[in-house]
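Undergrad: Attaching a single structure in structure tokens format; questions to follow.
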Amino acid sequence: MAVTTSIHGMWSSRLAFILAATGSAVGLGNVWRFPYTTGEYGGGAFVLVYLLCVAGIGIPIMMAEVMLGRRGRQSPINTMRMLAKAEGRHPAWQLLGWMGIVAGFLILSFYSVVAGWTLAYVFRAAGGAFTGASAESIAAQFGTFIGDPERLLAWHTIFMVMCVLVVARGVASGLERSVRVLMPALFVLLFILVAYSATNGYFAQALEYMFRPDFSKLGTAGVLSAMGQAFFSLSLGMGAIMIYGSYLSSQASIGRNVVIIAGMDTLVAILAGLAIFPIVFASGLTPQLGSGMVFKVLPIAFGQMAFGQVFGTLFFVLLVFAAWTSAISLLEPVVAWLVENRGFSRVRASVLAGIAAWLLGILSLLSLNVWSGVTVFGLGFMDLFEFVAANVLLPLGGLLIAVFAGWVLSRAASTDELDTGRKAYAIWRFLVRYLAPVAVAVVLASAVGLLKALGLE
Ligand code: PHE
């Protein structure tokens with residue numbers, strides 16, 4: 001029989017869960033990472049593969065993750081151990097939870113650094129730093145900014161403290177209220193920006209870039225990245241969605257909620273692309289702008305539009321909140337585990353986990369400036385952490401979740417959790433047993449082949 005409540009608290013309603021999970025999904029991944037990786041891999045083909053991954057792999061795995069969380073009602077590590085035991089399987093399944101903890105730390109470390117950039121840009125926008133500035137001077141501003149480790153450290157620290165403060169109090173309390181107001185506001189603002197870009201930027205060119213696939217630019221690396229981006233953007237494969245599922249009441253319909261969450265997440269990513277690319281082309285820039293893209297492109301628009309100072313400030317404030325609600329979900333699985341297994345108070349657990357991620361973040365931060373020459377496998381620390389977490393650990397975690405939900409968990413258990421119609425259940429079961437694991441395995445395996453080929457050359 002499934003457990004009915006969690007010791008860490010429960011969402012007050014189905015809506016609270018949707019809001020929290022959407023808060024986790026929508027973040028820097030949509031607005032910062034989606035546009036720049038799309039630019040890196042040539043546009044349309046990348047977007048197409050990303051969308052296919054969201055629909056065919058992401059949604060079924062998200063359903064599986066919520067389902068496992070709700071049945072276990074504990075931190076991902078203990079949930080996996082308990083569910084494996086209940087099915088008479090090896091406790092090694094808990095390694096899935098451990099892998100998620102590692103992925104969570106890696107992601108949070110660089111995520112907090114980038115969220116720090118966003119915080120800094122709130123004040124730049126408010127101070128009118130972009131008014132009338134050229135694309136070159138805005139890019140130069142960004143370059144000087146990330147070249148200054150002390151500044152980056154200050155903002156990274158502030159952001160991490162913000163996260164620890166919320167997680168220490170328990171995620172169920174404040175999250176619902178803030179996401180309820182801020183998420184719609186972010187949507188409205190993105191629509192305004194898209195409208196601005198549609199009238200003042202090269203919109204037709206951007207549409208063509210984003211939606212006409214050119215597979216010659218994608219390659220195996222591009223497919224791997226598009227799949228990784230789907231996992232990253234949906235917060236899948238590391239236990240964030242699993243732990244949020246563990247606070248969901250047993251009555252709520254998982255399938256419907258997951259489709260809503262994934263739909264909103266994808267919409268925000270597409271809107272961000274539609275706001276950014278028209279300005280990229282209108283300003284004579286190329287889409288290969290790297291991880292500074294949003295910070296180099298949107299300020300151009302804020303510097304020119306009416307009330308740009310107001311919109312710019314508001315935009316970065318909302319982006320900070322979106323990042324905040326995602327970062328919180330990165331901390332929650334490890335904090336829950338520390339509380340369950342080490343008997344720590346939430347406060348102590350949150351502070352410790354926050355310090356660990358903060359320290360790791362310093363590596364990312366220094367890789368942008370003083371350690372820019374230090375590389376591992378040809379990547380600086382920030383790029384390395386991003387690559388390993390998004391393109392390797394999350395897909396691998398997702399693969400194991402799919403296998404567990406599709407092959408290990410009894411049919412009775414999954415039918416019990418997913419009260420979708422028969423047809424929807426059959427589709428879900430097919431996707432989670434065959435399509436998702438095979439697709440992820442094939443992409444990961446061909447990427448390994450690619451690495452070998454590179455190494456041999
Ligand atoms: N989905 C978040 C974003 O797009 C990042 C994230 C990844 C959060 C994994 C939790 C787990 O910004």
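The values are calculated or read from the model by the stated rules, or taken from the named source; none is laboratory data. Here the structure is a predicted model, which is why all the values come from computation and not from measurement. Glycine gets a Cβ as well: all are built from the backbone with ideal geometry, and neighbour counts include every protein chain shown. Quick note on the areas: whole protein, heavy atoms, side chains included, nothing else; ligands and nucleic acids left out. Shrake-Rupley method; radii C 1.70, N 1.55, O 1.52, S 1.80 Å.
Undergrad: Helix 76-86: angle to the longest alpha-carbon principal axis of the chain, degrees 0 to 90, nearest 10?
TA: Roughly 30 degrees, rounded to the nearest 10.
Undergrad: While we're on this one: With loop defined by DSSP as not H, G, I, E or B, and exposure as at most 12 other Cβ atoms within 10 Å, which is the longest segment of the chain clear of exposed chymotrypsin sites (Phe, Trp or Tyr not before Pro)?
TA: Longest stretch, sites excluded: 1-306.
Undergrad: Taking the alpha-carbon distance from LYS217 and a cut-off under 28 Å, which lysines remain once sequence neighbours fewer than 8 residues away in the same chain are dropped?
TA: Partners within reach: LYS296, LYS452.
Undergrad: Let me ask something else about it. Before anything else, pin down the relative contact order of the chain: Cα pairs under 8 Å, at least 6 apart, normalised by residue count, whole percent.
TA: Numbers: 756 pairs, mean separation 162.0, N = 457.
Relative CO of the chain lands at 35 percent.
Undergrad: What number does segment 120-219 give for Rg over Rh if you use C-alpha atoms and the Kirkwood radius?
TA: Expressed as Rg/Rh, it is 1.06.
Undergrad: Using the heavy atoms of the protein chains alone and a 1.4 angstrom probe, what is the accessible area of the chain per residue in square angstrom?
TA: Each residue of the chain exposes 37 Å² on average to a 1.4 Å probe.
Undergrad: Cα extents of the chain along the three principal axes, largest first, in whole Å?
TA: Answer, in whole Å and largest first: 64, 47, 44 Å.
Undergrad: Summing Lys, Arg as +1 and Asp, Glu as -1, what charge do residues with Cβ under 15 Å from the Cβ of ILE300 carry, ILE300 excluded?
TA: Local charge sum for ILE300: +1.
Undergrad: A further question follows. Quick check: at a probe of 1.4 Å, how many percent of the accessible area of the chain sits on carbon and sulfur atoms?
TA: The C+S portion of the solvent-accessible surface of the chain is 68 percent.
Undergrad: Then there's this: Can you give the log10 of the normalised intensity I(q)/I(0) at q = 0.17, 0.22 Å⁻¹, computed with Debye over equal Cα scatterers of segment 1-102?
TA: The Debye formula, applied to the Cα set alone, gives -0.97, -1.22.
Undergrad: Under 19 Å from the Cα of LYS85, which aspartates and glutamates turn up, not counting those fewer than eight places away in the same chain?
TA: GLU65, GLU340, ASP416, GLU417
Undergrad: Relative to the Cα centre, what is the charge dipole magnitude of the chain, using +1 at the beta carbon of each Lys and Arg, -1 at the beta carbon of each Asp and Glu, and rounding to the nearest 20 debye?
TA: 1160
Undergrad: Now a separate question. Determine the calculated [θ] at 222 nm for the chain from helices alone, applying -39500 (n - 2.57) to every DSSP H run no shorter than 4 residues and normalising by the residue count; nearest 500 deg cm²/dmol.
TA: About -24000 deg cm²/dmol.
Undergrad: What translational diffusion coefficient, to the nearest whole µm²/s, does segment 312-457 have by Stokes-Einstein, given a Kirkwood radius computed over alpha-carbon pairs, a temperature of 25 °C and 0.890 mPa s viscosity?
TA: Calculated translational D: 128 µm²/s.
Undergrad: Translational D (Stokes-Einstein, µm²/s) of segment 26-85 at 10 °C and 1.306 mPa s when Rh comes from the Kirkwood sum over C-alpha pairs?
TA: On the way: Rh = 13.7 Å.
D = 116 µm²/s.
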